[in-house]
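What follows is calculated from the coordinates using simple rules that are stated; it is not laboratory data. Predicted, not measured: the structure shown is a model, and the values here were computed from it. A quick note on method: Cβ atoms are made from the backbone with ideal geometry, for glycine too, and the neighbour counts reach across all protein chains shown.
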Amino acid sequence: MGAAHRIALLLLAGFAMAGPVVASEAFLDGDYGNTDGCAYAKTGESTGSDNFFLLTNEGITTAASYCEFKGPVTKSGASFAATVSCSAEGESGEADESVEILRSRKDYTIAFKDGTRWGPLKKCK
């Protein structure tokens with residue numbers, strides 16, 4: 001087998017593996033959030049702020065809700081699509097819904113089907 005043939009096989013294998021990412025696998029290069037969300041990511045302590053957003057490889061946390069990624073997270077360009085199961089503070093039960101995790105420059109914005117948007121969320125330092 002020639003070198004060109006081996007390179008072609010390696011490239012094909014790489015493309016075959018570039019499909020959906022399972023939510024438990026890392027698809028982000030770190031945590032993303034606003035000031036209070038990043039403070040929580042760093043310390044594990046909440047500031048008590050109502051303006052709290054944190055995006056991790058496991059889910060999306062806000063001051064009043066948590067949305068866990070369910071199933072595969074699909075990459076589309078620099079953005080992602082996923083199904084989340086959300087539970088809100090003070091409400092019983094969970095609701096599954098689709099979200100888009102939109103990349104713009106270095107930030108992410110979470111877009112829900114109902115038009116709700118969370119972000120932009122910057123990479124936590």
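One table, with the values for the structure above:
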{"item": "J(HN,Hα) series, segment 74-80, from Karplus relation 6.51 cos²θ - 1.76 cosθ + 1.60, nearest Hz, glycine and proline x", "result": "9, 8, 9, x, 9, 9, 9"}
{"item": "Distant-in-sequence amide H partners of Gly71 (H built 1.01 Å from N, under 5 Å)", "result": "Ala23"}
{"item": "Net charge of neighbours whose Cβ lies under 10 Å from the Cβ of Ala63, counting Lys and Arg as +1 and Asp and Glu as -1", "result": "-3"}
{"item": "Distant-in-sequence amide H partners of Glu58 (H built 1.01 Å from N, under 5 Å)", "result": "none"}
{"item": "Evaluated over segment 38-125, the Cα radius of gyration and Dmax, each in Å", "result": "12.9, 37"}
{"item": "For Asp107, distant residues with modelled amide H under 5 Å away", "result": "none"}
